[in-house]
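Here's the structure, in structure tokens; my notes come after.
No value in this document is a laboratory result; all are computed from the given coordinates. Computed from a predicted model, the values in this text were never measured in an experiment. Note that we place each Cβ from the backbone using ideal geometry, even for glycine, and neighbour counts take in every protein chain shown.
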Amino acid sequence: MSTTRIHDLAAEFGISSEQLMGMLKEMDIFVRSHLTPLKDEQVSLMRARWERDKRKQKQPSAPPKRRRAAAKVVELAPEPVAAGDNRPKRRRRTAAEVAAADAAAAEVSAEPAAPAASLTFAPSPASAAPSPPIFSPPSSPPPRPFIPTPVRPRPVARGMPSGPGGGGGGGGAAVPPRPVASAAPGAPPLDERRREKGKKRKKGKKSLVDQEAVAQNISRTLATLKAPVGKKGVHRREEGPTFRETQEERRREEREREKTLVRVTEFITVSELANTLKVPPTQIVTFAFKELGQMVTINQRLDFDMIELIASAFSFQAVREEEYATTQTEETKDAAETLKPRPPVVTIMGHVDHGKTSLLDYVRKANVVAGEAGGITQHIGAYQVTLKDGRKITFLDTPGHEAFTAMRARGAQVTDIVVLVVAADDAIMPQTIEAISHAKNAGVPLVVAINKIDLPTANVQKVKQDLLSHGVVLEEFGGTTLMTAISAKKGTNVDALLDQILLQAELLDLKANPDRKAQGSVLEASLDPGKGALATILVQTGTLHVGDDFICGQYSGRVRAMYDERGGTEADAGPSTPVQILGFEGVPEAGDSFLAMDDAAAARDIAQKRQRLEREAQHRRSGRVKTLEDFMAEAAAGGVATLRIIIKADQGGPAEALADALAQLSTAEVKVEVVHRGVGAITESDVLLARASGAIIVGFHVRPDSNARAAADRERVEIRTYRIIYEAVEEVKLAMEGLL
């Protein structure tokens, strides 16, 4: 037997689930959501009511016709008294038609014809006297010949008003009104004839009006059933709901939807799910056994598919959260009076070797490029610059190499303004287009810096045209994007670029509350041999102090020391300030959210539960892959060779970028599988993992220690170290060709 749910029945009726739930509520049938199943008798009851409502739609369309027709006939009746020339003409034509129609009636009785003739010559008042006795004797046949008789005296009555105004003979003046009054009994048939005559003259026009009225009635009735009930009835529904009503309806639907939403992480226990759904755990155990055919215990962990099925059975909708207790770390809105201006966060983006770091060198008056291997940036650099007038700007320098897509995206997500650096001698390149896309997706404004204008091959106009073709419209072309042509090496127009950045920041009206617990994001993370886990944090709101407890990703900790980009110690860090923090229990991932907390025990509890969920996920992933059947299926598919790699790097960002770049090298013949990636030096445990999985070890800006080197020689595990990312990618390509 199939189960009929709310949304199925609503789709059958052609209405929304919310409207059907409202109809059920009127019938005292309570449902939680559109996924609630209905009983057979409830479905039959709703279908019967729907058919009854549809039948009612067709009935009200006929009465308006009769009412309007009757109203128009009533309006026609008094017109003959007040009209001037039109009515007499109509009555003469009516008399002629009636005379022709009564030729047959004259054969039956010749006596009524004489009075009719005498009445036809109504100018004499004496001829009007016999009319009253003539009208009284006949019962049914005579009225037909006598119907036109009152028609003739009325034109006389129209001519009479000028006469009676002068008095005219007392008896003669009083007699003509009597035939008119005595004609009252014959008025209904006269009205019927007049109505039929009017229908013949105006048949087409009148039927068109009636059809339009019927169509309006039908559409009005359908709107009554389908549209939400408004305060002003049907007329309001025809015009459509107002903006306020739409917003209120949306908020009401959101509140109803929130009541049925449960936010859970994967691998929670049956007991935790029961507490979330507010049902006894035994009900979940019973449902899993009877409906899903699985035996579960109260402490057993469930995957999200089973969580979703169980929640749906209890009229809830499960929403997956990637981290445990994300609601506790969500940003709370601050009152307007607590907000204060903060420095803008500016991310410098562009293609590799277009001069991003050189521009930052000139601003910081430091040589950053010399510290990067190969002259290209391979880490996110975070710096705060104080200008001559005392204002501050926080700069984030992102890599431009194609392998660092994730790091560029992360820089765009935490920034306020993006400075797009384009070389005037090289124009638009692939990473330039990617940077434009990152800025648009993040919803942040662009400031274009066309660099290297001091070179003889520079072509600024070509760069402007190329930008226009990619959706970046500069101010001189009628757009809103600011642009400055600069030379980062000589410092030409760099001050003008900084002024444009500050102008854009003033338009954004950047503010934050410094008097609250700090919240921010991890830009980079590394493992220092002497200091331990270090992470570069961008404080986005609040103020971070030394000694604050915090939760960051899967790890908690306490701020033991803070350093600026030059290595100097800091006691606190306000909004838009990048600092390096010492005191993590482990190395966090780049991009993790950072939140200072009042309770150290609560921070540790959240961190432990997040680590447990991550271990469970890794265990299930490894359990699915490491089976004999999987390897046999892989071999049967054509013997696809697999190159397994373990990546170790000095920081989390480069490790992530290298893993993504190597994974993209997979082909139909050779598959690249990153078994593990981590931060820190290559250790003996990495060598043992490589031996067990048959992988090679790739080190980026790290080297193996003595124990790892000895273990690698003993176990014949290959270790390769690199300082430039594209060298690692090229050598892995060669290794793949060797497998081929």
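On the beta carbon distance between T457 and Y726, with R0 = 25 Å, the FRET formula returns roughly 0.50.
Principal semi-axes of the equivalent ellipsoid, √(5λ) from the alpha carbon gyration tensor of the range 519-611, are 18, 15, 12 Å from largest down. Mind giving me the FRET efficiency for R516 and K490? R0 is 60 Å, r the Cβ-Cβ distance, nearest 0.05 is fine. After rounding to 0.05, the efficiency reads 0.85. Ranked by the mean number of other Cβ atoms within 10 Å of their residues, highest first, the peptides 39-49, 646-656 fall in the order 646-656, 39-49. Look at the alpha carbon pairs under 8 Å that are at least 6 residues apart: their mean separation over the length of the range 519-611 gives a relative contact order of 38 percent. For the range 420-454, the residues whose amide N sits under 19 Å from a probe point set 7 Å from the Cα of E475 along the beta carbon direction are 420-422, 444-451. The residues packed around V587, meaning those with a beta-carbon under 13 Å from its beta-carbon, carry a net charge of -4 if Lys and Arg are +1 and Asp and Glu are -1.
Computed on the Cα trace of the range 1-57, the radius of gyration divided by the Kirkwood hydrodynamic radius gives Rg/Rh = 0.93.
Amide H contacts for G557 (H built 1.01 Å from N in the peptide plane; partners 5 or more residues away or on another chain; cut-off under 5 Å): F550. In this simple spin-label model, placing a label point 7 Å from the Cα along the Cα-to-Cβ direction at both T282 and A442 gives a separation of 5.5 nm. Say R0 is 22 Å: what FRET efficiency, to the nearest 0.05, do E245 and A336 get from their beta-carbon distance? Step by step, r from the Cβ atoms, then E = 0.15. This model, with +1 at the C-beta of Lys and Arg and -1 at the C-beta of Asp and Glu, gives the range 443-589 a dipole about its Cα centre of some 280 debye.
Extension gain for A601-A617 works out to 3.3 nm (0.36 nm per residue, less the C-alpha to C-alpha distance).
The amide H of I268, built 1.01 Å from its N in the peptide plane, has L302 as neighbours under 5 Å, considering only residues 5 or more places off or on other chains. Taking 0.36 nm per residue of separation and subtracting the Cα-Cα distance, full extension of the segment from F30 to D303 would add 95.2 nm. Extension gain, D509 to R709, is 66.5 nm, computed as 0.36 nm per intervening residue step minus the present C-alpha separation. With both labels modelled 7 Å from their Cα along Cα-to-Cβ, the R320 to K388 distance reads 5.6 nm.
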